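The values are calculated or read from the model by the stated rules, or taken from the named source; none is laboratory data. Being a predicted model, the structure only gives us computed values, none of them experimental. Accessible surface areas use protein heavy atoms only, side chains included; no ligands, DNA or RNA. Shrake-Rupley method; radii C 1.70, N 1.55, O 1.52, S 1.80 Å.
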Amino acid sequence: MKVKEVLSALEQFAPLPLQESWDNAGLQVGLTEAEVSGALLCLDVTEKVVDEAVQKGCNLIVSHHPLLFRGLKTISDLTDVQRTVRKAIQADVCVISMHTNMDNARGGVNFKIAEKLGLTDVTFLNPKRVGDVECGSGVIGTLEYPTVSDVFLQFVKREFGVECIMCNQLLKRPVSRVAICGGAGDFLLDDAVANGADAFITGEMHYHQYFGYEQRIQICVIGHYQSEQFTTEVFRDIIQAQCPGVRTEIAETCTNPIVCFFND
């Protein structure tokens, strides 16, 4: 299998036109004619991730967040991105990123979060079409059983392995309908309310957006990295189904730059 075949499989699942206008998904570094020795799957591409790829004999990295958001005028060692690009090129490691196109695709990032929570009847929260492709921002679904808010929050905390959850006032009615947007999804909060969600799970939210939603919806902010951590499983499933000869490895390197400090 060549890199271009893996790239084609990923783009068939989440076509690049689905990405937001500011994004830069797709091939980041490398030559697509290279034979794939293995694919390392991750959220972010850092020097340590490239090192892990080399150590595991993988000449392809598939990430969620693009290594290159903007053009580089210099490739030196002045920034972490420059150093990572240099290291990937020197090691003949290709880098592919599937970002907001994978967020917006059916079966993508948000559907995986819903799957982890056992939601049923999952649909797009803010549906749209790009050409003939159905896509959308966020998803909404139903819990197996209505759950009181504190138990619901403990459930989410456990399933995503988060140290803490930022939320608003505890909802006094059971949580049944749950809206989801991995990463920075606060722009969908009003859509969640309008669609009858009892709770809204996202990765990060601006301070002022917590105001005014008391007893309207349970806001549940679990961290950007934590909310998208299972994206690597989406990549793995696509590659294993469409490129069965390619070995996949989920990265062990934690690239979350945010650390929770608890003073005992």
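Odds and ends about this structure:
- Computed in the context of the full set of protein chains, the accessible area of segment 180-225 at 1.4 Å probe radius has 55% of its extent on carbon or sulfur.
- By DSSP, the beta bridges lying fully in segment 117-264 are antiparallel in about 60 percent of cases.
- Counting only protein chain heavy atoms and rolling a 1.4 Å probe, the accessible areas of His206, His65, His224 rank, largest first, as His206, His224, His65.
- Helical mean residue ellipticity (222 nm; -39500 (n - 2.57) per DSSP H run of 4+; nearest 500) of the chain: -8500 deg cm²/dmol
- The H on the amide N of Val29, modeled in the peptide plane, is under 5 Å from the matching H of Val95, each at least 5 residues off or on a different chain.
- Derived scalar couplings between HN and Hα for segment 170-187 equal 4, 5, 8, 10, x, 8, 10, 8, 10, 9, 9, 8, x, x, 8, x, 5, 5 Hz in order, rounded to whole Hz, by the Karplus curve 6.51 cos²θ - 1.76 cosθ + 1.60 (θ = phi - 60°), x for Gly and Pro.
- Amide H contacts under 5 Å for Gln169, placed H, 5+ residues apart: none
- Calculated from backbone phi, Karplus (6.51, -1.76, 1.60) coupling profile of segment 21-26 in Hz, x at Gly/Pro: 4, 8, 8, 9, 6, x
- The chain, relative contact order [Cα under 8 Å, separation at least 6], %: 21 percent
- Rounded to the nearest 5, the antiparallel percentage of DSSP beta bridges internal to segment 1-159 is 60%.
- Within the full protein context, the accessible area of Asp150 is estimated at about 80 Å² for a probe radius of 1.4 Å.
- The slack in the chain from Asp80 to Gln12, taken as 0.36 nm per residue of separation less the alpha-carbon distance, amounts to 21.4 nm.
- Accessible area per residue, Å², the chain with all protein chains present, probe 1.4 Å: 48 Å²
- Using θ = phi - 60° in the Karplus curve 6.51 cos²θ - 1.76 cosθ + 1.60, the 3J(HN,Hα) couplings for segment 253-260 round to 5, 8, 9, 5, x, 9, 10, 8 Hz; x is entered for Gly and Pro.
- Pair-distance distribution of the chain: all C-alpha pairs, bin width 5 Å, starting at 0; shares per bin in whole percent are 1, 6, 13, 16, 17, 15, 12, 9, 6, 3, 1, 0.
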